[in-house]
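The values are calculated or read from the model by the stated rules, or taken from the named source; none is laboratory data. This structure is a prediction, so every number in the text was calculated from the model and none was measured. Positions of Cβ are backbone-derived with ideal geometry, glycine not excepted, and every protein chain shown enters the neighbour counts. Protein only, heavy atoms only, side chains kept; ligands, DNA and RNA dropped before computing areas. Shrake-Rupley method; radii C 1.70, N 1.55, O 1.52, S 1.80 Å.
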Amino acid sequence: MRLFALLMSLTLLANAQTPFENLVNQFYWDYYEFSPSEGTAVGFHQYDGRLESYSPSTLDAERKMFHSY
């Protein structure tokens, strides 16, 4: 039983992400919302059928997203 608990703890530690990894992952998810064709190109098919929007409000929101990082 102790061995099982130790293995589970090690598995959780191995799968834990650092704050930097979390930041990078969040950046890309935010980025793909504004660039869905790139999200599809790298294999995230939830962006299939979506195109970029170049409206002033979307570009402003994208600029704010970039500045938040």
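Scan segment 34-46 for residues that are free of Cβ contacts under 8 Å to residues at least 12 places away in the same chain and in a helix (DSSP H, G or I) and report the count.
Qualifying residue count for the region: 6.
Restricting the first residue to segment 51-69 and requiring it to be of a type in the set (Asp, Glu), which pairs with a second residue that is open to solvent by less than 100 Å² (accessible area, probe 1.4 Å) and in a helix (DSSP H, G or I) meet a Cβ separation below 8 Å and a spacing of at least six or different chains?
What qualifies is Glu52/Phe34; Glu52/Pro36; Glu52/Ser37; Glu62/Phe34.
Matching residues to (1) open to solvent by 80 Å² or more (accessible area, probe 1.4 Å); (2) at pLDDT 95 or above:
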residue	(1), (2)
Leu7	yes, no
Leu10	yes, no
Asn15	yes, no
Gln26	yes, yes
Trp29	yes, yes
Ser35	no, yes
Thr40	no, yes
Arg50	yes, yes
Ala61	no, yes
